[in-house]
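Written below as structure tokens is the structure these notes are about.
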Amino acid sequence: MKMPTTFADALADLSLKSVFNPYVDCCPLHDRADAANVRRRNLVRCLHAALEARVDTIWIARDLGYRGGRRTGVPLTDEVHLTYASTLLGGIELDRATRGPVVAERTAAVVWRVLARIGEPVVLWNIFPLHPHEPGDPLTNRCHSRAERDAAWPFLLALVAMIQPRRIVAIGRDAGLALADLDIPVTTVRHPSYGGQAEFIAGVLALYGVDGDAPALADLPLRAV
């Protein structure tokens with residue numbers, strides 16, 4: 001699984017109970033007919049762009065969320081911020097896979113606020129790269145199980161082998177604990193949810209040496225690769 005297309009195709013083959021695989025599954029309520037193909041293509045384009053830009057950092061959170069990566073195919077990225085991801089990765093084409101109104105995710109909004117401040121591309125990922133949900137209720141979020149993590153762990157290792165990062169940023173304690181045994185420097189920052197937004201922002205900006213009193217994020221252009 002050294003190349004992005006092979007990686008994404010293999011990820012699409014992973015099937016687990018009470019788990020939505022956005023790279024092969026289709027939501028009957030919100031997805032377009034070709035949604036899975038669109039999401040898989042989005043992921044492949046992001047990975048190709050990261051390799052071409054020699055991105056050296058991966059940010060990893062715990063699970064794919066139903067308002068973000070489940071809909072876009074891009075981890076930690078909702079539909080509101082697809083254009084941000086496109087710009088930061090050199091102007092690649094990223095497409096919507098859903099119909100109806102654009103949906104926002106709070107965690108994605110905070111992550112992309114910080115990425116806009118930093119102006120430096122990263123690879124975004126999750127310990128469990130699919131969307132785990134409560135049985136019979138697909139539009140919910142739950143923590144993945146140990147068995148699910150074991151099933152998906154080879155993909156994280158394959159991603160690390162593909163990107164060969166200099167460092168990894170773990171978003172949240174759960175992600176930090178899961179990544180503790182990797183032979184790569186891992187820095188854990190507070191997850192932005194449940195009151196952790198300010199600590200997350202401060203932690204990442206400090207890690208990158210960015211002044212927390214810099215201009216408002218909305219006034220900063222994204223720096224393309």
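Each value in this text was obtained by applying a stated rule to the coordinates, not by laboratory testing. This is a predicted model, so every value here is computed, not measured. Methodologically, a virtual Cβ is constructed for each residue, glycine included, from the backbone with ideal geometry; neighbour enumeration extends over all protein chains shown.
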Practice problem: Could you estimate the translational diffusion coefficient of the chain from the Stokes-Einstein equation, with Rh from the Kirkwood formula over C-alpha pairs, at 25 °C and 0.890 mPa s, in whole µm²/s? | Solution: 141 µm²/s
Self-check item: Cβ-defined net charge surrounding Glu79, 13 Å radius [Lys, Arg +1; Asp, Glu -1]
Solution: +3
Quiz item: Per-residue HN-Hα couplings for the stretch 25-40, Karplus 6.51 cos²θ - 1.76 cosθ + 1.60 at θ = phi - 60°, whole Hz, x for Gly and Pro?
Solution: 7, 10, 7, x, 8, 10, 7, 6, 4, 9, 4, 4, 5, 5, 5, 5
Quiz item: Taking amide hydrogens as modeled 1.01 Å from N in the peptide plane, which residues meet the under 5 Å criterion relative to Thr57, leaving out close sequence neighbours?
Solution: Val123, Arg166
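Which FRET efficiency value, to the nearest 0.05, do you get for Tyr194 and Thr83 by plugging their Cβ-Cβ distance into 1/(1 + (r/R0)^6) with R0 = 30 Å? Working shown, then result.
On the way: r = 28 Å, r/R0 = 0.92.
So the FRET efficiency works out to roughly 0.60.
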Quiz item: Magnitude of the Cβ-charge dipole of the stretch 1-98, K/R +1 and D/E -1, about the Cα centre, nearest 20 debye?
Solution: 120 debye
Practice problem: Mind pulling the per residue volume of the convex hull built on the Cα atoms of the stretch 65-112? Å³ is fine. | Solution: 63 Å³
Quiz item: Using modelled backbone amide H atoms (1.01 Å from N, in-plane), which distant-in-sequence or interchain residues come within less than 5 Å of Thr140's amide H?
Solution: Glu134
Quiz item: Excluding Ile92 itself, what net charge comes from residues whose Cβ is under 14 Å from its Cβ, given Lys and Arg +1 and Asp and Glu -1?
Solution: -1
Exercise. Would you mind checking which residues have amide H under 5 Å from Asn126's amide H? H placed 1.01 Å from N; only 5 or more apart, or other chain.
Key: Ala61
Self-check item: ³J(HN,Hα), Karplus 6.51/-1.76/1.60, whole Hz, each residue of the stretch 113-130, x for Gly, Pro
Solution: 4, 6, 4, 5, 5, 6, x, 10, x, 9, 8, 9, 8, 10, 3, 10, x, 10
Quiz prompt | Note, ³J(HN,Hα) from phi for the stretch 82-98, Karplus 6.51, -1.76, 1.60, rounded to Hz, x at Gly and Pro | solution = 4, 5, 4, 4, 4, 5, 5, 9, x, x, 5, 8, 10, 10, 6, 10, 10
Exercise. For Asn141 and Asp56, compute 0.36 nm times the residue count separating them, minus their Cα-Cα distance, and round to one decimal in nm.
Key: 27.6 nm
Exercise. Quote the relative contact order of the chain in percent (integer), defining contacts as alpha-carbon pairs under 8 Å separated by 6+ residues.
Key: 24 percent
